[in-house]
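A short reminder: the numbers here are calculations on the coordinates, not readings from a lab. This one's a predicted model, so the numbers in the text were calculated from it and none came from an experiment. Neighbour counts run over all protein chains shown; Cβ positions are idealised from the backbone, glycine included.
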Amino acid sequence: MKYASVIVDVPAMQTDRAFDYKVPEEWQKLVKPGMRVIVPFGPRKVQGFIIQLKDHSDYKRLKSITELVDLTPCLTNELLQLGQWLTETTLCFKISAFQAMLPAAMKAKYEKVLGLLTNDVGVLPESIRPFFEKRHHVDLKEIQDVVPLSEIQKEMNKGHLEMIYQVKQKTNRKTIKVIKCSESFSKLTKMLAEIPANAKKQIEIVEYFIKNKISEIPLHVLLSETGTSDASVKSLITKGFLFEEMKEVYRDPYEDRHFEKTLPLALNKEQKDAIDPIIHSIKENHHDVFLMYGVTGSGKTEVYLQSIEEVLKVGKEAIVLVPEISLTPQMVHRFKGRFGSKVAVLHSGLSTGEKYDEWRKIHRKEVQLVVGARSAIFAPFENLGMVIIDEEHESSYKQEENPRYHARDVAIYRAKLHNCPVVLGSATPTLESFARSKKGVYKLLTLKERVNKREMPKVEIIDMREELRSGNRSMFSRSLLDKLTDRLQKGEQSVLLLNKRGYSSFVMCRDCGYVNGCPHCDISLTYHRRGQQLKCHYCGYEEVMPSRCPECNSEHIRFFGTGTQKVEEELVKVLPEARVIRMDVDTTGKKGAHEKLLTKFGQKQADILLGTQMIAKGLDFPDVTLVGVLTADTMLNLPDFRASEKTFQLLTQVSGRAGRHELPGEVVIQTYTPEHYSIELASQYDYDAFYLQEMHLRKSHDYPPYFYIVLLTISHPDITKVISVTEEIAIFLRRNLGNETRILGPVASPIPRIKDRYRYQCMVKYKREKNLHETLQKILEHYQQEMSSNDLMISIDLSPNTLM
DNA sequence: AGCACGCCGACT
DNA sequence: GTCGGCGTGCTC
């Protein structure tokens, strides 16, 4: 007899352990750890993952596995182990760890159906009867709004009805009908004579098969190619010429795209020096973490591509992480162009089904390379030869919900197991990574030269206070305007970046200073021109823009701050002849809208690309010779110890967008704090100086990389409850952690209320703390009950990206 | 998380 | 006396 330990799909502390089940005789030989199963759990059925098989269980009253969902395990042994590690390092539930590793399509869906147990519908009360007149099964959803649950329960007790718990899959495999020939072509040719002469279409179809030597074709293709209808096909099937079959297909998002095959480029000296140690690691099966610090345009991607080639040569697989890849179709092109069908692509722009299909290509070993966003780090490769993380500094590699993992940490963990290298690439590495490379923990590879030998574009910093003093009240400095005009005349393109993070357009009364805030969150509402609406970006609350101040009834209520829409309007006023493409959440909402806008810009159908952060990444257009940053310092005032670092990164990245090709580029940075070191040093492309200065600051304030931090955020609808719990937690932390560890708080969160829940936080700063995980675990256990019954929430982030 | 069980208040 | 409120505890 075999027994299976199963982690069930019930994310709660009390169920966060394995439950044992009997494996029915017929599956004894089939079951393997890592498979999904459906098991009875209490009165219902749930999905779960087998984490272990054993010959013995201590538990007496075991139930049996109801169903095997997978025929081959969807989690490899390595991923099972990785799940355990994730649980421990991020303090998440085991089930959440496993689910994070798989595409959303593989998460189960639960439905309840009422089944009729009696042959006489007449015994049912009038309210329920109509539902069962024609059917024996009715979705509970359908009936529960009309009939009170108690009534249904009564019938169940009487034995008239039963509750059936169903576990369904979210997405099914996509199948299409294909038509095949029943006979050989020569036989078909002879058989043609049997078709009546008036059945022209049927003859046409059979001839199509013979002429094109096709023995199998999807039905819809056959119909459109031959211009026939399925009636003719049907009759050919009954006559025995053809037969139909269901065939599983992949939903390929890049189906209709052609990728030009590219060949490896010759590497320059710096690139060779960088790739040699990587190749050495690959060949020697050695685990190393490389930090490839290369200025924008220094040809990092080519180094990636050629190292991957080495990985594939030795028969291994590679993972490439890119930040939110849908933004950089150019990147997909480069990988698909070099490696063709060996590549799977995983990113948020794909539908659930498409992601599932890409994942299955990996699972079935049909691809050796995956290019994707954060979660692609869990690709079920078993022979991993390298992980590349491009734009290593990007904050999107950290998941901001449970499990709060950082893809970089997962990459290093996996690479250690596989004895293979990790390559972190960036023009602006995180301080953490650069510090590690200085200590020799990571190996530093430096690319200082741009491949085209072009100088980095010249950067001009404009002091907007100065502009204001000399009477320029517009959002464009005179210099920026001059340069835009100049580009327009020369037929060159410009990119304008509106750095909006933490600064959006809010509505304020000029008379009394009243600001429209969200009634559920302590945050001001954001003005949206579409429909003159005010929206809360945290809870989705909406209201119509008032014409008078709700407080003092004044009519002088206006929106402040600068949205892309407003910039666009101004731009049209000052440069009426310019063709502008605006990219922001409003214009890129629809799937593929992004790419369309970028393609349009690439084809020079516009002169100026105006957008938010999203345009800073990876764009590469030959005719862009001017980059303007409208307000460089909006981020600097956020309560975030990484604010300077992020500003520096953004400015450096965006400057790299100009003059990447033949034409020299120029950058204009507008700011109200030109003296800030992150702005000044970004304009000089002086990462090293920035690193030193910022490290100095981090050191004096006990921030990473000198200290690790943990952020505990406690929330509850009742503010006194939040404060008292946070205080208790702070006291507990102080009592249990070492005296070199600093505990800050309780303080109100930077956003003190979201969705009617008050938020307080506590910060732990530590260097070495062996009791940390244990102590945090104890806190979670202690408040477990209140968290499930009393609306209390405690979230713990063991290495927060921001403190918001 | 669900769901059952169980123990107290307001109704037939 | 019963229906139904939600606190408590269990799920292999």
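Before moving on, here are some points about what is shown:
- Packing-based exposure ordering (other Cβ within 10 Å, fewest first) of A:Phe185, A:Phe49: A:Phe185, A:Phe49
- Subtracting the Cα-Cα distance of A:Val221 and A:Asn553 from 0.36 nm times their residue separation leaves 113.0 nm of extension gain.
- Straightening the chain between A:Tyr538 and A:Phe185 buys 120.7 nm, computed as 0.36 nm per residue apart minus the Cα-Cα spacing.
- Sorted by Cβ density within 10 Å, fewest first, the residues A:Glu728, A:Glu126, A:Glu401: A:Glu126, A:Glu401, A:Glu728
- Between A:Val123 and A:Met163, the FRET efficiency from the beta-carbon distance, with R0 = 25 Å, is close to 0.90.
- Amide H contacts under 5 Å for A:Lys174, placed H, 5+ residues apart: A:Val249
- The packing ranking of peptides A:384-395, A:506-517, highest mean first, is A:384-395, A:506-517, where packing means the average number of other beta carbon atoms within 10 angstrom of each residue.
- Coupling constants for the range A:298-314 follow from the phi torsions by the Karplus curve (6.51 cos²θ - 1.76 cosθ + 1.60, θ = phi - 60°), and in residue order they are 8, x, 5, 4, 4, 5, 4, 4, 6, 5, 4, 4, 5, 4, 5, 4, 8 Hz; glycine and proline get x.
- Calculated from backbone phi, Karplus (6.51, -1.76, 1.60) coupling profile of the range A:430-435 in Hz, x at Gly/Pro: 5, 4, 4, 5, 5, 4
- Label zone of A:Arg364 (point 7 Å out along Cα→Cβ, amide N under 11 Å): in the range A:282-325 this covers no residue at all.
- Electrostatic dipole magnitude of chain A [Cβ: Lys, Arg +1; Asp, Glu -1; Cα centre; debye, to 20]: 1360 debye
- Site pair A:Thr66 and A:Glu111 shows an inter-label distance of 1.4 nm when each label is modelled 7 Å from Cα along Cα→Cβ.
- Average Cα contact separation per residue, the range A:3-102, under 8 Å, 6 or more apart, as relative contact order %: 33 percent
- Placed amide H near A:Ile461: partners under 5 Å, 5+ positions off or other chain: A:Ile669
- Built amide H within the under 5 Å cut-off of A:Tyr541, gap 5+: A:Cys536
- About its Cα centre, the dipole of the range A:157-231 is roughly 360 debye, where the only charges are +1 on Lys and Arg Cβ and -1 on Asp and Glu Cβ.
- For the range A:504-560, the relative contact order works out to 37 percent when only alpha carbon pairs closer than 8 Å and six or more residues apart are counted.
- Full extension of the chain between A:Asp511 and A:Ile731 yields a length gain of 74.7 nm, computed as 0.36 nm times the residue separation minus the alpha carbon distance.
- Proximal lysines to A:Lys755, defined as alpha-carbon separation beneath 17 angstrom and excluding residues fewer than eight positions away on the same chain: A:Lys535, A:Lys721
- Annotation: peptides A:334-341, A:105-112, A:608-615, A:662-669, ranked by per-residue average of other Cβ atoms within 10 Å with the highest first, follow the order A:608-615, A:662-669, A:334-341, A:105-112.
- Simple spin-label estimate for A:Ala593 and A:Ala12 in nanometres, 7 Å along Cα-Cβ: 4.0 nm
- Distance between the range A:711-784 and the range A:478-495 - C-alpha centres, whole angstrom: 52 Å
- Rel. contact order, % - alpha carbon contacts under 8 angstrom, at least six apart, the range A:649-745: 14 percent
- Aspartates and glutamates with Cα under 15 Å of A:Lys398, excluding same-chain neighbours fewer than 8 positions away: A:Glu324, A:Asp390, A:Asp409, A:Glu432, A:Asp797
- Rounded to whole Hz, the Karplus (6.51, -1.76, 1.60) HN-Hα couplings of the range A:33-49, x for glycine and proline: x, x, 7, 8, 9, 10, 10, x, 9, x, x, 10, 10, 9, 7, x, 10
- Long pairs among A:Lys247/A:Lys316; A:Lys300/A:Lys416; A:Lys272/A:Lys448, criterion Cα-Cα beyond 20 Å: A:Lys247/A:Lys316; A:Lys300/A:Lys416
- A:Gln777 sits among other residues whose Cβ lies under 12 Å from its own Cβ, and their net charge, with Lys and Arg +1 and Asp and Glu -1, is -3.
- Order by protection proxy (mean Cβ within 10 Å, highest first), peptides A:522-533, A:309-320, A:568-579: A:309-320, A:522-533, A:568-579
- Kirkwood hydrodynamic radius of chain A, from inverse mean 1/r over distinct Cα pairs, in Å: 30.8 Å
- Förster radius 60 Å - calculated FRET efficiency between A:Trp85 and A:Ser229, Cβ distance, rounded to 0.05: 0.55
- The label point for A:Arg44 and the one for A:Arg478, both projected 7 Å from the Cα toward the Cβ, are 6.9 nm apart.
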